[in-house]
Structure formats: C-alpha cells, structure tokens
1. Identify the residues of the stretch 168-204 with backbone N under 14 Å of a label point that sits 7 angstrom from the Cα of L162 along the Cα-to-Cβ direction, or state none.
2. Using alpha-carbon positions, what is the distance between the centroids of the stretch 43-89 and the stretch 165-207, in Å?
3. Using only the Cα atoms, what convex hull volume per residue in Å³ does the stretch 151-209 have?
4. Using alpha carbons only, what's the Rg to Rh ratio of the stretch 62-232 with Rh from Kirkwood?
5. State the extension gain, in nm to one decimal, for the chain segment bounded by A362 and L322, taking 0.36 nm per residue of separation less the distance between their alpha-carbons.
6. Hey, fewest Cβ within 10 Å first, where do Y325, Y243, Y81 land in order?
7. Give me the percent relative contact order of the stretch 62-232, please, defined on Cα pairs under 8 angstrom at least 6 residues apart.
8. What value does the stretch 19-79 have for Rg/Rh, both radii from Cα atoms and Rh as Kirkwood defines it?
Amino acid sequence: MALPLKYSYRNALVRWRSTLATVLGIGLVVFVFVLLQSLAKGIEKSSGNTGDGRNVLIVRKGSTSESASLISRENYNELRYFEEIARTERGEPVIAADVLVLVNLPRRADGGEANVLVRGTTAQGRELRPQVGLVAGRWFQPGLREIVVSAKLARRFANFDLGGQVRAGNATFTVVGWLDGAGSAFDSECWMDADECRAVFERDMYSSFLARVPDAAAQSNLIARIEGDRRFKLKAEREVEYYRKQTMTAAPIKWLGGFLAVTMSIGAVFAAMNTMYAAVGARTREIGTLRVLGFRRRAVVGALLLEGAFLAFVGGALGCALAYYWNGYTTATMGFETFSEIVFQFTITPGLVAQGLVFAIAVGLLGTLLPALRASRLPVIAALKAV
C-alpha cells in the first residue's frame with residue numbers, strides 16, 4: 001500500500017511549532033559545519049591559486065618553508081647561469097632571489113599585534129609572479145626604504161595606508177603602493193627590494209630562488225640537476241606544487257569543523273528524536289487510525305522517515321543559505337608554516353553545499369528512525385484508546 005504522505009504533509013503544517021524547531025535546529029548544525037569547512041577550503045584555495053607552472057622554486061634542503069630557508073649568495077651566482085633557466089631577449093637569466101622576514105606589526109582594530117611576512121625580491125620577482133598586480137600607488141624603488149603592502153592586509157594593520165610609515169626593527173619604511181595577489185598566498189605578504197631587506201634586517205643569505213624554465217623538459221632537468229648536486233644541498237620543485245603542499249594550516253580547521261559538526265549532530269539527533277517522540281505521543285490515535293485504515297507498519301515507518309528527512313533537508317538548505325551569505329568574506333588566521341598572518345576568504349563550493357545537505361538528511365533519518373519504529377509497533381487497539 002502507498003505511504004500516507006498526505007498525512008505527513010498536513011501534520012507538518014498543523015504542528016508548525018515542532019516543525020519549525022526541528023528545521024532550525026538542524027539548520028544551525030549545517031550552518032556551523034559548512035562555515036567551518038569553508039574556512040579550510042579558503043586556505044586551500046589561496047595556496048592552490050599561487051604559483052606559475054613554468055617556475056621552479058629552490059629552497060634549502062630540510063626547510064619547511066621559504067622563511068625557514070637560508071641560501072648563500074654564492075649559490076645564486078652559480079645557479080643563475082644554468083642553461084636550463086630561460087633567458088630574456090637581452091640574454092639575462094630569468095631568476096629572482098628572495099629574502100623573507102617576519103615583522104611584528106600593530107593591528108588596526110583591537111590594538112594587538114601580529115606577524116606579517118615581508119618579501120624582499122630582486123628585479124625579476126614581479127615578472128615571475130604575473131598574478132600579483134598593483135591596485136594603488138606605485139612599486140618600490142630599489143635601494144630605498146619603500147614597501148608595497150597587500151591591499152587586504154592594509155585593511156587589517158595600522159600604518160598601511162599609502163604614505164604611511166611602518167616601523168620594523170631599527171628602520172622605518174614608507175608605504176608606496178598596495179598589491180593584489182588575485183586570491184593567492186601573496187595577498188598575505190608585503191614586498192620590498194631584496195638588497196635593502198638584507199641590509200636592514202642584517203641577512204647575509206637569501207631565503208629562496210625562483211627560476212623560469214622554457215619547457216617541461218628543462219624544468220625536469222633543472223630540478224634533477226639541483227637536487228643531484230651535493231655542493232648545493234638545495235631542494236627544487238615546481239612552484240605550484242610547493243604552494244599546494246603549504247596547506248597544513250587548513251588541517252586543524254578541518255578537524256575542528258568535523259569535531260564540532262559531529263558533536264552538534266549528536267545533539268541534533270537527540271533533539272530530533274525528542275521532537276519525533278513527542279510528535280508520536282501526540283499522534284498516537286492518528287497512527288492507530290492509519291493502521292485501522294489498512295496501512296502497514298512499514299508504510300507508517302516510511303512516512304515518518306520521509307517526513308524527518310524532508311524537514312532535515314529544509315533545515316540543511318536553510319543552513320547552507322545562511323553560510324553562503326559569508327561566501328567571499330575576507331578573514332585571517334596564523335599560518336603554522338610561517339607563523340604569520342594568512343589572509344583568505346570563506347569559500348563555499350557546490351561540493352560543500354552537497355555535503356551539508358547529505359549531512360542534514362542523515363541527521364534527520366537517524367533522529368526519526370527509533371520514534372518511527374516505536375510508532376509502527378503500537379498495538380492498534382491501545383493506539384485507538386489513547387487520549
């Protein structure tokens with residue numbers, strides 16, 4: 001016999017208070033789940049958008065990040081003339097040497113402080129990173145204490161306005177421009193001249209090299225040559241691969257999102273069960289009437305499960321809609337790789353929405369199952385006599 005779907009539909013409308021409580025409870029759980037997972041997606045997207053497939057990044061062997069790497073200037077002078085590296089029209093090798101330092105700076109809002117990653121780069125650093133563009137002001141001039149800051153960082157840190165003075169160590173830098181990294185990891189950096197950076201922060205060595213290669217064969221040969229030469233003790237890999245691996249920061253957020261989702265889902269399941277138990281208690285005579293009319297136990301169970309799944313789906317859709325309101329919102333956290341401020345955006349993908357809806361339906365079905373089984377096993381006579 002067909003399921004009593006019309007009865008479930010009318011019940012949801014008549015008992016709208018319990019229906020609303022179930023929908024809102026599950027919607028809140030899905031909202032938290034999707035929002036936390038979108039944080040991890042945002043960090044992964046930031047790292048995934050960084051780099052150029054034609055570039056090879058070179059750091060010290062054993063270093064976990066660019067900022068923890070030290071490479072001598074002698075290595076730079078030797079590597080830049082490798083034949084695998086591309087050349088400009090004037091015959092100059094397309095390679096940049098960078099210096100990365102952490103600077104503790106004051107925030108705008110709360111007056112606290114946080115670490116900011118400053119990248120000192122040589123002349124070809126900007127050419128090798130075409131996704132980075134200037135949105136205000138101008139680029140720094142070599143040899144001067146000038147700095148270009150991320151436009152997203154400028155909204156979070158004091159003295160990052162154009163013309164502002166940034167104090168770092170024993171030096172004061174003038175902010176001459178704002179850069180935009182197109183959603184990449186460079187949105188979390190400030191740039192200045194490499195030699196000036198080494199002089200101010202007393203660094204004798206570079207942190208990393210970035211080289212352009214003409215083709216895939218040259219790229220493979222360059223990586224093999226650098227890592228096979230024991231003189232250098234360097235590690236080389238494609239730039240995009242390096243940044244793709246720099247997503248350790250997202251792991252704790254993913255774990256936290258999953259933990260909170262599971263914890264809240266347990267509460268949601270019990271809340272749904274309580275709601276359904278109460279609904280069954282109030283509908284005892286109605287369920288008995290359905291049995292008298294010829295509906296089998298599995299039909300009653302099926303109707304209640306569909307009702308619970310539908311309400312959970314509505315709640316899940318509501319939670320996803322609320323979470324989507326934050327899509328694209330810019331926030332920041334501390335990166336475990338560099339211990340500096342990482343700027344990223346909430347990123348809600350269709351996959352996350354699908355996960356949220358599936359999660360909501362699972363909670364609805366689990367919370368409805370036991371009450372539905374109890375309802376189906378009620379003796380017909382006892383159910384009809386219930387007040």
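Here, each number is a calculation from the coordinates, and none is a lab measurement. Keep in mind the model is a prediction, meaning the values are calculated, not measured. A quick note on method: Cβ atoms are made from the backbone with ideal geometry, for glycine too, and the neighbour counts reach across all protein chains shown.
1. 175-180
2. Each part reduced to its Cα centre gives a spacing of 18 Å.
3. Hull volume over Cα atoms, normalised by residue count, gives 94 Å³.
4. 0.99
5. So the chain would gain 12.4 nm between A362 and L322.
6. Fewest-to-most ranking of Y325, Y243, Y81: Y81, Y325, Y243.
7. Once divided by the residue count of the stretch 62-232, the mean separation gives 31 percent.
8. 1.38
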